[in-house]
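Chemist: Can you read through this structure? Questions will come right after.
The values are calculated or read from the model by the stated rules, or taken from the named source; none is laboratory data. Just so it is clear, the structure is predicted and the values come from calculations on it, not from any experiment. Please note: Cβ atoms are built from the backbone with ideal geometry, for glycine as well, and neighbour counts cover all protein chains shown. Each accessible area value is taken on the protein alone, full model and side chains, heavy atoms only, with ligands, DNA and RNA left out. Shrake-Rupley method; radii C 1.70, N 1.55, O 1.52, S 1.80 Å.
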Amino acid sequence: MSIAMSMSFQSDKHKVICRGFSTFSSLPRATAPVRLRALSTAVTDKPSICTADELHYVSLSNSDWKLALWRYYPSPLAPPRNHPLLLLSGVGTNAIGYDLSPESSFARYMSGQGFETWILEVRGAGLSLQGSNSKDIEQSANAKSEKMEAASEIVTATNGTMASNKELNNISCTVSEPEIPPVLNGVETENVAIKGDLTRLATVWDESKLVARLTETFMFLSERVSGFLSESQSRVMFSKFLDQISKLLVDSQLYEQFNEVRAKLSTLFETKQNSGITSQITDLSQKLVNIIEEGQLSVSPPLYDLQARFTSTIEDFQKQLDLIVKYDWDFDNYLEEDVPAAIEYIVKQSMPKDGKLLAIGHSMGGILLYSMLSRFGSERKDPNIAAVVTLASSLDYTSSKSALKLLLPLADPAQALNVPVVPLGALLAAAYPLSSRPPYVLSRLNTLISAEDMMDPDLLKRLVLNNFCTIPAKLLLQLTTAFRERGLCNRNGTFFYKDHLHKISTPILAIAGDQDLICPPEAVEETVKLIPEHLVTYKVFGEPGGPHYAHYDLVGGRLV
């Protein structure tokens, strides 16, 4: 049994409310359970971005991710409740959407009604992070908190202009953002063409180091990355990298030499690993470097700045590989690992008499709940969830005009590899000044989030600048199956979640917003109609004459 560590960052007023532990009974799982043994350590320095009463961390047995759980204690003035409540957020979002301000907080409202309320931040979202010990986690959590809080200050400082690349890196709430290196050994890579002065260029050219770096890149792609990509996807990435190098030599007399080396590398890449492959790749890397050097120094006319562009190509490709490895998770990882671990932990901490909890999921959070119930229903097992509410969620978007169809280009795995992550937080932060100020170039962005006059402008700003994170292409790739026949399926295409909804035994309240462009009412209905009629209640928020509800009005609107 693995040991999962949790740390609770407690506010001073709740230090005295720490609860003891009881014997833990594991919950049934549709897949292998993530076993936990409760170990709670109080840390006084709760990150300022976390406005909950406590911040807990839960470890996964098969990952170094620590999942953040925001905890809100029930009001002592409210009637006692039988079950704790778990809130699940949408794709690429964190806990802030459920707690925009003390006056407009979904989580605080529910705790005020007597529910011990928890918000889960899945891997890659919000304050969830990777770390090994309490000190590292505390420091990382506070660093992420500072980074997230700096977002609004950066956007305000731009006075409505587009933020710089450096500023965008600070805006996003991700663990780390992809960065494009503007400088190579002190020389700007776009200005290395030093016509007539090739001696200075030698200062940025270290042949032995470059051979080593190129060899490392080829080996990294053929060995480590192959564990994260399928064999065909690895071949696609290998081909793309060589295509990038070949573009540097197009129309030169060295192009034929490059193609000879490329053919030999391709043969090695297709060959199973053996003891001699490293030396062979090193030799071919040396030949590639020699070709680039010849193009820089001997070809007439010389290919100016070729060496620097070659070095930059390697560095950028290495960063792309690092992102693929770092952001290696999909919807099923959330479903089979993150959510079960959170549920087990909450039941352990809150100790409901029947071992069950309540769950509310917004957007992808609701999709996760539908999928979990479907999994348990297919195996005729009790999910240990007393009741579920879904907000703007569906397993099938084929019949709707959802704006999420914009994700369909990522349905091609090769195309998805071109963009291993989508820095949603940075993109929305950059677009926000153009959507909220004249001439309102991107005003449609606001309508995707909130209907007219339904969200306070300051809260909308906080939502846009602090609620969104980076999304792995693998996650989006799986979610796009919701736009295909039979709806959302598992990563292997062998289990279609909506096919088993008729087998569930948990009552569901499904809510849609009348002006939701992301998950329109007709999409919600596609899922609702598959649930046993005696178990489901369906409501559409909004009236013909107003008020209206868009996607995020269901968690942060004025009237929610």
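Chemist: From the cross-link list Lys66/Lys353; Lys474/Lys539; Lys147/Lys240; Lys381/Lys401; Lys356/Lys503, which pairs have alpha carbons spaced over 24 Å apart?
Modeler: Lys66/Lys353; Lys474/Lys539; Lys147/Lys240; Lys381/Lys401
Chemist: With the other protein chains left in place, how much accessible area per residue, in square angstrom, belongs to the range 291-401 at a 1.4 angstrom probe?
Modeler: Numbers: 3110 Å² over 111 residues.
Accessible surface, normalised per residue, equals 28 Å².
Chemist: What distance in nm lies between label points placed 7 Å from Cα along the C-beta direction at Asn492 and Ser378?
Modeler: Distance between label points: 1.0 nm.
Chemist: Now, a different point. Given labels modelled 7 Å from the Cα in the Cβ direction, how far is it in nm from Gln244 to Lys539?
Modeler: Inter-label distance under the simple model: 5.1 nm.
Chemist: So with the 1.4 Å probe, I'd like the accessible area per residue for the range 492-549, rounded to whole Å². Don't skip to the end; give the middle numbers.
Modeler: Values: 2790 Å² over 58 residues.
On a per-residue basis, the range 492-549 sits at 48 Å².
Chemist: Please list, ordered by chain and number, the residues whose modelled amide H lies under 5 Å from the amide H of Val389; skip anything fewer than 5 residues away on the same chain.
Modeler: Under 5 Å from the amide H of Val389: Ala359, Ile360, Gly361, Leu509.
Chemist: Another question, then. Provide the FRET efficiency to the nearest 0.05 for the Glu270-Thr447 pair, computing r from the beta carbons and using R0 = 51 Å.
Modeler: Efficiency computed from Cβ-Cβ geometry: 0.55.
Chemist: Another question about this same structure. Report, by chain and number, residues whose modeled amide H sits under 5 Å from the one on Tyr549, excluding near sequence neighbours (fewer than 5 apart, same chain).
Modeler: For Tyr549, the qualifying residues are Asp514, Gln515.
Chemist: Which ³J(HN,Hα) values in Hz, rounded to whole numbers, follow from the phi angles of the range 488-502 under the Karplus curve 6.51 cos²θ - 1.76 cosθ + 1.60, where θ = phi - 60° and Gly and Pro get x?
Modeler: 4, 9, 6, 5, 8, x, 10, 9, 9, 5, 6, 5, 10, 5, 5
Chemist: At R0 = 51 Å, how high is the FRET efficiency between Ser505 and Glu256 if r is their beta carbon distance? Nearest 0.05 is fine.
Modeler: 0.15
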